[in-house]
Amino acid sequence: MFPAPLLTPVKSGKMVVLMNTNNTPNQTGDQQRYSSLTDIIENDTTASPAPPRATSQSTSHDSEGSPDRAIILGQDGRWLAGWALRFIVLTIAAFIAWKGLGKLWTGLLPLLLALLLSTVLWPPVKWLRDHKFPKTLAVLTVLLGSIAAITGIFAAMAPSIAGQSKELFQKASEGITKLETWVQGPPLNIKVDQISSTLDKFVAKLQEQAGQITSGVLEGVSTASSVAVTLAIMLVLTFFFLKDGENFLPWVRRSTGPKAGWHLTEVLTRTWNTLAGYIRAQAIVSLIDAVIIGLGLVILGVPLAFVLAILTFFAGFIPIVGAVTAGALAVLVALVSNGLTTAIIVLVLVVAVQQLEGNVLSPMLQSKAMDLHPAIVLLSVTVGSSLFGIVGAFLAVPIAASIAVWLRYHSDLVSLRSGELTADEIKIETASAAGSTATASDAFEALRASFLSLGRRKTSHDAAPADTLAVKAEKEN
């Protein structure tokens, strides 16, 4: 006798079929009985259906398919907790960076100043090198020539200040005496005691402001190093930046690898171009302001016109605040030396020049260099001056512009990965800065290939893999 076959129910649609799971051959009669039983089960429409399985849809959604409130609140809670954790981490990192910046400011200040000075001096150095000047000789020629020019400017200012300062102070005293006589008469009829009290408060306020400016300068330079030492370190660093700076980007690529290295090359090139464009644009704007205001002061016969023009030029490198301060000083000198009418004319001249700068020159020259909103510029200058004095106000805008460059590059990569941009829609600025031996086309193709590997929307042109082109360019470098 053969063992009884095993019957296993198998669900098929709405039918249940009993199948033979025993591998032992069955008799013909048994097969007929099984076939008859299968037909009965298949034709039986009164069989009870299997109980439904519990699914997540039935527990987390209501009858209309909408998610349960508890699910939504849980998701919102996790989102809020994630961002709260990020905020805490960023706050701690900012605090540590701030403490570290305070310790390292003595060394960072000449480094930042040297970078800015290098962006100004690099074009003439490059021009000399293109005309067969040796590298070291070209750097020394430009650096020493710049020092000689600045020294000559201050040397030319010294006789004017020495010759006219005594006359200026004398006229200031006469002006104060006339002002006292005027306010004592009708219609003001202010007593002498009130005038003396007001003048004492005004002098005390000026002394306080002078002390704050002095302390701000000392804090900006450093408490341990003098101005001369800081300037000397800045000049030495500038020399090496101009002489060997072109080897920095190839070193970065060798240290970080082809993919990350070319991205760092691109973002550092963008930062360099932004700083250079900002300094050049600000120098042109400041020069135009200084020439117009200086000519106006000479025509009006205001003393120290050359000195005030030079101060206007250098103050122009501190956006918004510097121009206002230099203009106020020019109006004050005109008021003391030439009277109220000349002071009003100088005020109108300064305001007109500031309007020309703000509405025509700055948007035209600096829009491509920085692309920063005026509110961001004002906020950065305010924060920089409050933290590091005059030096902080001078460095605030270049630092803010550099941060904006890095954020925009990250935004380009995010847009590339999300499909909002393609590789051909991103402007690649890495060219001659790619290195001394790698060509501009190699740098361009390596970056474009990297962008293509990140992008979701492909361009109409096929590109080689990013690793292949990046390694090829790196080998040539």
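Values in this text are rule-based calculations from the coordinates and carry no lab data. This structure is a prediction, so every number in the text was calculated from the model and none was measured. Cβ atoms come from the backbone with ideal geometry, glycine included; neighbour counts cover every protein chain shown.
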Evaluate the Kirkwood expression for the hydrodynamic radius of the stretch 287-330, namely the inverse of the mean inverse distance over all pairs of different C-alpha atoms, and round to one decimal in Å. 10.0 Å
Report the local net charge at Lys135: Lys and Arg +1, Asp and Glu -1, summed over other residues whose C-beta lies under 14 Å from its C-beta. +1
So what's Rg/Rh here for the stretch 220-344, counting alpha carbon atoms and using the Kirkwood radius for Rh? 1.18
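Can you tell me the order of 299-310, 338-349 when each peptide is scored by its average per-residue count of other Cβ atoms within 10 angstrom, highest first? Display every interim value, and only then the final one.
On the way: 299-310: 19.2, 338-349: 16.2.
Per-residue Cβ counts within 10 Å, averaged per peptide and sorted highest first, yield 299-310, 338-349.
Are there any GluC sites (Glu not before Pro) in the stretch 374-432 that are in a DSSP loop and have at most 15 other Cβ atoms within 10 Å? List them by number. Walk me through the numbers on the way to the answer.
Numbers: sites: Glu420, Glu425, Glu429; in loops: Glu420, Glu429.
Those satisfying the criteria are Glu420.
Sort Ile71, Ile318 so that the residue with the fewest other Cβ atoms within 10 Å of its own Cβ comes first and the one with the most comes last.
Fewest-to-most ranking of Ile71, Ile318: Ile71, Ile318.
Out of every Cα pair in the stretch 279-403, what percent are spaced more than 19 Å from each other? Let's see the in-between values first.
Working: 3610 of 7750 pairs.
For the stretch 279-403, the fraction of Cα-Cα distances above 19 Å is 47 percent.
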